[in-house]
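Written below as structure tokens is the structure these notes are about.
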Amino acid sequence: VQLQASGGGLVQAGGSLRLSCAASGRTFRPYAMAWFRQAPGKEREFVTAIRWSGASTSYADSVKGRFTISKDNAENTVYLQMNSLKPEDTAVYYCAATARGGATYWPYLYEYWGQGTQVTVSS
């Protein structure tokens with residue numbers, strides 16, 4: 001299973017970006033897909049996740065009300081709509097997928113990771 005993330009870039013504070021992550025490879029039905037991010041000098045942190053069955057979502061407090069995760073089951077693709085971006089959102093964003101059940105905010109749950117896409121928010 002390969003995850004291909006895209007959509008990062010440079011945006012001014014208050015702006016928006018939409019990230020995409022497509023899963024390809026063998027037939028794959030994930031339990032959940034998620035986005036994590038890592039800023040320079042900081043640990044990787046959970047951003048948001050979506051369960052494939054039922055589409056329940058969870059968000060880090062820092063992005064609630066600003067970010068929205070969604071999915072396209074047919075395309076095995078997950079999206080991250082990021083609005084009202086802040087400079088502190090600047091990071092490399094990674095998509096992740098798992099076929100295992102568990103706490104979707106826990107990075108060790110995920111066995112598949114994308115290559116990361118840079119998001120830079122200028123003040």
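Listed by position, the strands (runs of 3 or more DSSP E) contained in the range 22-101 that have at least 3 residues being open to solvent by 40 Å² or more (accessible area, probe 1.4 Å) and over 25 Å from Val1 (Cβ atoms) form an empty set. Counting only residues that are in a loop (DSSP other than H, G, I, E, B) and open to solvent by less than 50 Å² (accessible area, probe 1.4 Å), the range 1-21 holds 4 of them. Taking residues in the range 67-78 that are modelled with pLDDT of 95 or more, and partners anywhere that are basic (Lys, Arg), the pairs with Cβ atoms closer than 9 Å and at least 6 places apart or on different chains are Val78/Lys71. Among the residues making up the range 33-57, those that are within 11 Å of the chain's Cα centre (by Cα) and of a type in the set (Gly, Ala, Ser) are Ala34, Ala49.
Against the definition (modelled with pLDDT of 95 or more, more than 18 Å from Leu3 (Cβ to Cβ) and surrounded by fewer than 17 Cβ atoms within 10 Å (Cβ to Cβ)), how does Ser122 come out, yes or no? Here the answer is yes, as Ser122 does meet what is asked.
So that you can scan it fast, the table gives a plain yes or no per residue for (1) of a type outside the set (Gly, Ala, Ser); (2) closer than 21 Å to Ser84 by Cβ:
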site: Ser6; (1), (2): no, no
site: Gly14; (1), (2): no, yes
site: Leu17; (1), (2): yes, yes
site: Ser20; (1), (2): no, yes
site: Thr27; (1), (2): yes, no
site: Tyr31; (1), (2): yes, no
site: Gly41; (1), (2): no, no
site: Arg44; (1), (2): yes, no
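Total residues in the range 9-39 satisfying the condition of being free of Cβ contacts under 8 Å to residues at least 40 places away in the same chain and at negative phi: the figure is 2.
Residues of the range 102-119 that are of a type in the set (S, T, N, Q) and open to solvent by 40 Å² or more (accessible area, probe 1.4 Å): Gln115, Gln118.
The values are calculated or read from the model by the stated rules, or taken from the named source; none is laboratory data. It should be emphasised that the depicted structure is a prediction, and the values quoted were computed from it without experimental measurement. No Cβ is skipped: glycine too gets one built from the backbone with ideal geometry, and neighbour counts run over all protein chains shown. Surface areas here come from the heavy atoms of the whole protein model, side chains and all, with no ligands, DNA or RNA. Shrake-Rupley method; radii C 1.70, N 1.55, O 1.52, S 1.80 Å.
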